Amino acid sequence: VGILIRNHTNVEIKNCETIHNTRGIVIDQSNFVTVKSSRFSNSVEEGIQATDSNNLKIEENAITQTQHALWLTNVQDSLILRNQLHTNDNGQILLLGSSRNNITENNVTNVASNYPIVLNPTSTNNVVYKNAFARYPSAPADSGTNNRWSVGGQGNYWSSHPCIDNTWDGICENR
């Protein structure tokens, strides 16, 4: 692991780079952690993995050439903002049992296999909007409840997924 944060509060990681680790950064059982303006590349598993944590701010990072860019398990009330997630093999953003997170203005491209974003059945009340999703083989997967894919009429950009806009409001009803 490049950076490990476990059982800490009020931590800021800024302008760091990790290359060729199992995971770029692991955040476990921590609160109010900010990861900003950093680069995580060539990790065997995740660029950023967070578990059992709250109030994270993951902002303006570049995550490339990993298995998964972001893997969030039981993460609540967090902001994923303006990250560049490119060329990660097996998916870009995975939320497992995570709730009340805001995933906004991220650029997600070149997924080698699987989905650009996955929200599992126990991920609820998340907001995913104003993101750009491009060049991926599968549609996004959302089996959770009350997850929102648009706010105030603004949805996401999908380059590789056919948009079904039954209401003619510019928002894809099929995500």
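Quick notes on this structure:
- Scanning residues 5 or more positions from Ser38 or on other chains, those with amide H under 5 Å from its amide H are Asn15, Cys16, Asn61, Ala62, with H placed 1.01 Å from N in the peptide plane.
- Directionally averaged projected area (segment 49-97, Cα convex hull): 3.0 nm².
- The GNM of the chain, with springs linking C-alpha atoms under 10 angstrom apart, assigns the highest mean-square fluctuation among Ile19, Ile117, Ile63 to Ile19.
- Normalised per residue, the accessible area of the chain is 44 Å², obtained with a 1.4 Å probe and no contribution from ligands, DNA or RNA.
- Built amide H within the under 5 Å cut-off of Asp142, gap 5+: Leu119
- Volume per residue of the C-alpha convex hull in segment 1-43, rounded to whole Å³: 46
- The alpha-carbon of Lys130 sits under 20 angstrom from the alpha-carbons of these lysines, leaving out residues fewer than 8 places away in its chain: Lys36, Lys57.
- Comparing Lys57, Lys14, Lys130 in a Gaussian network model of the chain (Cα springs below 10 Å), the most mobile by mean-square fluctuation is Lys14.
- Max mean-square fluctuation residue, GNM over the chain, Cα-Cα springs under 10 Å, options Ile13, Ile93, Ile80: Ile13
- For the chain, relative contact order (Cα pairs under 8 Å, six or more residues apart, normalised by length) works out to 13 percent.
- Amide hydrogen proximity for Gly97: with H placed 1.01 Å from N in the peptide plane, the residues at 5 or more positions away or on another chain lying under 5 Å are Asn74, Asn120, Thr122, Ser123.
The values are calculated or read from the model by the stated rules, or taken from the named source; none is laboratory data. Predicted model, so just to flag it, every value in this text is computed and none were measured. The protein model used for the area step is the full one, side chains on, heavy atoms only, and it has no ligands, DNA or RNA in it. Shrake-Rupley method; radii C 1.70, N 1.55, O 1.52, S 1.80 Å.
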